[in-house]
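The values are calculated or read from the model by the stated rules, or taken from the named source; none is laboratory data. If you're wondering where the values come from, they're calculated on a predicted model, not measured in any experiment. Here the Cβ is made from the backbone with ideal geometry for all residues, glycine too, and neighbour counts use every protein chain on show.
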């Protein structure tokens, strides 16, 4: 290699379009790869770049696979110290693989694991010659983790600076992506009119930039917000805008969240039985891609609706399925009191509904 690898994130590779070299590696069992490294050209920077782009694009369709592949690649490059490229390519790839692994873990609600990977990413990027853009992308992921931990004041304080950094770096799509965090924080604080304005602006700008992934995700969030407001016409219109784009990109996470938004709409408009079925459809989609935290969160929402339908036994079972996952993943440290009340009621074969509602309130509106 005679020059530097491209520093900015590569364009997304659509499902089924992985470059041949990356596809050969991914189809080779992990146990065989190291011995066949030369044949598979795994140590070549261009091939590693293709792998990073291919797997980054699959974060929304196969986060478990991405997390496992990134862990293998990270340790392959790290130990022993392999000579990757001519400059600082080895450090760059250590940072990039760790960043993608941490993002996958964030999607899977493995927060402690995600933080470790982000620390590894920082350690790699800081040893490159020009780390500003990569560290800004890392800052975005760390802020995204904060919204899942409900640190909304911190998020609203720091996001504008990150948006400005991306704009100065000539990374308009990343700047627009960072604005999602502002919109999500507004959703979480029930400032729905302001959230609509933010995501509508994001959608317009994404369309101008030709950023299909951001466009589809913006409409997915608009579906959810309009559903929360009980605005059927706008929720359905936003879902119609989102679904074709997200299907083309195979963004299974956002597609599940569109279904979630429609379930919220049905709930808000009093269509309880239909809402349960829509939530279960979203739950099935999350389950297929290993997002156990979202499955558990929806179990709580479904349980509340089942009580309304007089199906107390089914509601009890739904809660019992959710609680082990919530505890394992430490999903709601701020909701421990409600969790304990709910557990105490379950010992008596009943459900403390106020505690249930308080607990699922931490999940139901976060997208």
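Details
- A count restricted to segment 226-253 and to residues that are crowded, with 24+ Cβ neighbours inside 10 Å and either under 18 Å from the mean Cα position of the chain (by Cα) or not in a helix (DSSP H, G or I) (or both) stands at 3.
- Out of 134, 119, sole residue that is over 14 Å from the mean Cα position of the chain (by Cα), within 27 Å of residue 89 (Cβ to Cβ) and touching a residue at least 60 places away in the same chain (Cβ under 8 Å): 134
- When residues of segment 142-157 are limited to those that are in contact (Cβ under 8 Å) with a residue 60 or more places away in the chain and not in a loop (DSSP other than H, G, I, E, B), the one surrounded by the fewest Cβ atoms within 10 Å (Cβ to Cβ): 148
- Candidate set: segment 85-96, residues that are over 21 Å from the mean Cα position of the chain (by Cα) and closer than 16 Å to residue 53 by Cβ; chosen: the one surrounded by the most Cβ atoms within 10 Å (Cβ to Cβ): 92
- When segment 108-141 is filtered for residues that are modelled with pLDDT under 95 and in a helix (DSSP H, G or I), the ones remaining, listed by number, are 111, 112.
- Within segment 98-111, residues that are more than 17 Å from residue 72 (Cβ to Cβ) have Cβ atoms under 6 Å from residues that are modelled with pLDDT of 95 or more in these pairs: 106/114; 107/63, counting only partners at least 6 apart in sequence or on another chain.
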